[in-house]
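> Questions regarding the structure given below will be posed in turn.
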């Protein structure tokens with residue numbers, strides 16, 4: 001196999017189309033400023049248990065201080081910036097598939113969550129946001145007399 005040196009790395013085709021569809025589904029394609037603000041999107045999974053929703057965000061290589069979790073009008077937003085490492089002057093890349101830049105992911109919360117008890121935790125590059133359900137929302141069994 002022959003390695004080909006690339007001096008000017010352009011965004012991958014996959015990333016281009018993923019951003020295109022993300023922008024189409026989440027906002028206006030004509031809003032070029034919005035496209036500049038969000039450079040990549042971390043992979044996520046949203047999980048539900050009996051008492052809690054979990055948002056698991058994969059952000060390897062990032063630090064906790066570079067991530068922000070905010071809630072406004074029942075919408076939770078996880079945002080941050082993954083900064084590119086500085087390239088040494090005497091080195092060049094043969095392959096670079098690592099994404100860098102700003103990201104922002106927002107989800108509308110259902111009405112059955114306790115916003116005051118939301119908490120985040122960090123483990124090996126995965127941010128987990130726990131969104132507990134309210135007592136009213138939890139399933140319960142009603143006895144028949």
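> At 0.36 nm per residue, minus the direct Cα-Cα distance, what do residue 95 and residue 51 gain on full extension? Give it in nm, one decimal, please.
11.4 nm
> At what distance in nm do the modelled label points of residue 115 and residue 64 sit from each other, each positioned 7 Å from its Cα along Cα→Cβ?
Here the modelled spin labels are 2.5 nm apart.
> While we're on this one: What distance in nm separates the two pseudo spin-label positions at residue 143 and residue 43, each 7 Å out from Cα along the beta-carbon direction?
4.8 nm
> Sticking with this structure for a sec: Less than 18 Å from a label point 7 Å out along the Cα-to-Cβ axis of residue 135: which backbone N atoms in the range 107-122 qualify, by residue?
Within reach of a label on residue 135: 112-118.
> Related question: Considering the alpha-carbon set of the range 35-113 alone, what are its Rg and its Dmax in angstrom?
Expressed in Å, the Cα Rg and Dmax of the range 35-113 come to 16.0, 56.
Coordinate-derived values only; no laboratory data. For clarity, every value in this text was computed on a predicted model and none was experimentally measured. Here Cβ is always computed from backbone atoms with ideal geometry, including for glycine, and neighbour counts include all displayed protein chains.
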